[in-house]
Amino acid sequence: MKVLIVGGGGREHAIAVSMKKSSRVDQIYCVPGNGGIAQIAECESSIGVMEFDRIAAYAKEKAVDLVFVAPDDPLVGGLTDVLKAEGLRVFGPDKKAAILEGSKAFSKDLMQKYHIPTAAYEIFDSPGDAYAYLESAEFPIVLKADGLALGKGVLICQNLEEARDGVRTIMEDKQFGTAGNRLVIEEFMTGREVSVLSFVD
């Protein structure tokens, strides 16, 4: 079968390498790809991961059997939905499911609603409210920009002064762009951090 991988980082390179090992995969395409992926797949670097219509057209042009969407931004933006509407088979959550990655506030509220253990937290839409909350908070404390911030947007603050600077950085200076329109202030927890991925039909 023919597979199109959307993305151009190390994660997508690893996916391409693994797919190349499969006897079921005859051809791999990638948009935009990178130098490493180009050694094992046909890359189209002129198409960006947020150009949904162009990705769909390219997938149809190459008659791919499966599109694998890896990066967070297009998943949160709804690329899977667009591709499925065009009749393409897609691996990747739809827009409604991807909000778990796209909004820390949504994820925290979901965990609380369904009694999934999570650090204690509060959500703020204004810097003033966040500053007021910090006055009686325990430290260290964790500040998280609500939206996608390219793997950044999380600050561990040891004291009130650091926390105030963090609120200013995220919500007022917009160092992480619109991701900082909302802020999650979270209890600091110590211990091992483990990612567990489950793939289900």
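The values are calculated or read from the model by the stated rules, or taken from the named source; none is laboratory data. Source: prediction; values computed, not measured. Note that each Cβ is placed from the backbone with ideal geometry, even for glycine, and that neighbours are counted across all protein chains shown. These accessible areas exclude ligands, DNA and RNA; they are computed on the full protein's heavy atoms, side chains included. Shrake-Rupley method; radii C 1.70, N 1.55, O 1.52, S 1.80 Å.
Values as computed for the structure displayed
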item: Reachable aspartates and glutamates, given that their alpha-carbon falls under 15 Å from the alpha-carbon of K21 and they are not under 8 places away in the same chain; result: E12
item: Whole-number accessible area per residue in Å² for the stretch 62-201, which is evaluated in the context of all protein chains at 1.4 Å; result: 61
item: Ranked by how many other beta carbons lie within 10 Å on average, peptides 31-38, 94-101 from highest; result: 31-38, 94-101
item: Cross-link partners of K174 among lysines (Cα-Cα below 28 Å; sequence separation of 8 or more within a chain); result: K95, K96, K104, K108, K144, K152
item: Antiparallel DSSP beta bridges within the stretch 68-192, as percent of all bridges there, nearest 5; result: 95
item: Counted charge near I37, where neighbours are those whose Cβ lies closer than 13 Å (Asp, Glu -1; Lys, Arg +1); result: -1
item: Accessible area of the stretch 122-201 belonging to carbon and sulfur atoms, whole % at 1.4 Å probe; result: 48
item: Convex hull volume per residue in cubic angstrom - Cα atoms of the stretch 55-177; result: 124
item: Sequence-separation-based contact order of the chain, relative, with Cα cut under 8 Å and 6+ spacing, percent; result: 15
